[in-house]
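First comes the structure, then the notes that go with it.
What follows draws every value from the coordinates through simple rules; no lab data is involved. Quick caveat, the model's predicted, so the values are computed rather than measured. We place every Cβ from the backbone using ideal geometry, glycine too, and count neighbours over all the protein chains shown.
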Amino acid sequence: MGVADEFLKSAQRAENVTFYVSGKIAQQFYFTKPGEGETKFPNIYLLEQYETEKLLIDFLVSHGEKVKWNTRLTDTKENGDGVASVICRNGKAYDVSADYLIGADGASSTVREQLKIAFHGKTFPQNFMLADVYLDWDSPQHHIVTAMEKNQVMGFFPFKEKNKYRIFSFLHDSEKDVDAFSENDIKDNTENLLGLNIKIKRFIWFSVFRLHSRSVEAFRKNSCFLAGDSAHVYSPAGAQGMNTGIQDAYNLAWKLAMVLKSGFPNRLLESYDEERKPIARNLLKNTDLAFQFTVSKNPFFRFIRLRIFPLALKILLSSSFVRKTGFLRLSQLNIKYPDSGMNGSGARRSFSADAPSPGDRFPFFPLSDRQTSLDLLKNTGFNLLMFNVDSSDTELDAIKSWKNRTELDWLTMIDVEPCSGYAQIIQKWNIRQNSIMLIRPDIHVAYRSQPASLRDFQSYLSENNYPDSAP
């Protein structure tokens with residue numbers, strides 16, 4: 001999209017996590033480029049959600065699109081040609097017809113309700129506080145702070161503007177109605193209960209609410225789809241909510257584009273639910289466990305949380321492997337779709353264990369000071385990497401000729417040869433014969449084969465209903 005530089009300019013880079021217990025520093029650790037070697041962006045950055053939305057909206061506007069504010073959907077019905085909906089804007093109702101409908105309308109989704117898709121899960125009894133504030137304290141701006149007391153946990157996440165923070169807290173006063181909390185309650189909770197020398201100078205906004213842990217039974221119903229919070233809501237313990245919603249949107253968007261613009265059949269859209277639902281449910285399980293550990297009043301878990309956890313975390317994070325694994329999980333660069341119906345393989349000779357399998361994300365790694373493995377991928381459609389290590393084998397030429405005859409506009413073929421600077425990949429992945437690897441628009445592997453075979457590749461494409469895949 002070309003917006004990464006704008007995001008980085010607006011964001012605060014985090015370089016330290018400090019744990020306070022009863023007002024005293026229990027542990028502190030620094031991290032620099034925890035994702036080095038895994039991405040072009042190896043640091044952890046913090047950015048307000050409204051800034052994220054602003055940058056994305058600016059991108060849309062710069063491409064001639066417009067967000068229609070103060071507009072809500074009131075009714076939707078499927079018909080034989082797609083979806084017929086009613087939207088209300090400025091007091092007037094409008095009929096809208098479309099081929100597809102995406103409900104990305106939040107945890108209280110009208111689309112989900114209209115489709116009668118069950119939203120299974122639970123509501124936690126604890127009150128949760130979230131606020132953006134200006135603080136008066138001496139913590140460095142690049143430090144993330146977690147402060148814990150016997151029955152209190154609070155997190156402080158710095159933004160780029162000096163003394164501006166996002167703070168959260170689990171409030172154990174669960175008997176109190178969420179609407180009854182005031183700014184003074186939040187100030188008292190922050191300034192007096194944690195034993196920190198800290199003052200809230202000004203509130204930008206705050207909210208107290210009950211947390212939910214829920215996921216839909218289906219991400220798709222015929223021509224309608226759910227994405228983001230309308231499909232799943234988590235506790236903030238894993239810091240995964242917005243990232244997961246963006247991953248939903250990306251997974252669905254490229255598939256819709258292929259159906260609408262490149263002649264792919266509707267069957268491709270079945271893989272959206274197939275791939276994203278297991279991810280959502282796995283995250284739900286993990287974030288629930290983290291949340292229960294964080295808020296538990298059980299004396300044993302409280303002891304672990306206050307005395308053992310900070311020390312254990314410091315020991316674990318002294319390992320570069322653990323730091324990298326944690327970064328990949330937090331950034332969701334480790335997501336795989338091993339059971340996707342799109343996966344295929346014609347391999348008769350094994351690739352190495354380092355090589356990505358169908359369903360894996362195509363890995364990032366530097367090839368030189370200026371080049372990375374992702375530079376192989378030339379466009380946002382499907383890319384077929386053709387590893388040419390044996391000039392006497394003509395199968396790759398046969399695949400190229402077939403592609404030229406069929407004029408597949410959704411497929412780009414890319415030669416990867418030892419002399420082209422990609423010898424590192426060929427050696428690392430144990431490529432001994434001419435081979436092919438099909439990469440999806442979302443940079444996940446769809447198919448691989450060693451040796452390359454036009455017949456096997458055509459069979460895979462035909463079985464998975466790729467357009468114009470006949471010989």
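Run through the DSSP bridge list for the stretch 344-463 and note the antiparallel percent, rounded to the nearest 5.
Working: 11 of 19 bridges.
Antiparallel bridges: around 60 percent, rounded to the nearest 5.
Would you mind ranking C88, C224 by Cβ crowding within 10 Å, fewest neighbours first? Intermediate values should be presented prior to the final figure.
Working: C88 14, C224 23.
Ordered by Cβ neighbours within 10 Å, fewest first: C88, C224.
What are the DSSP H helices in the chain that stretch 27 Å or more along their long axis, judged by alpha-carbon atoms, and whose average Kyte-Doolittle hydropathy comes to at least -0.5? Don't skip to the answer; put the middle values down first.
On the way: long enough: 241-261 (30 Å, 0.18); 270-295 (38 Å, -0.79).
Qualifying helices: 241-261.
Taking the alpha-carbon distance from K314 and a cut-off under 17 Å, which lysines remain once sequence neighbours fewer than 8 residues away in the same chain are dropped?
Partners within reach: K24, K33, K324.
Using label points projected 7 Å from each Cα along Cα→Cβ, tell me how many nm separate H212 and L330, to one decimal.
So the two model labels end up 2.8 nm from each other.
How many angstrom lie between the C-alpha centres of the stretch 284-358 and the stretch 68-111?
Each part's Cα centre sits 38 Å from the other's.
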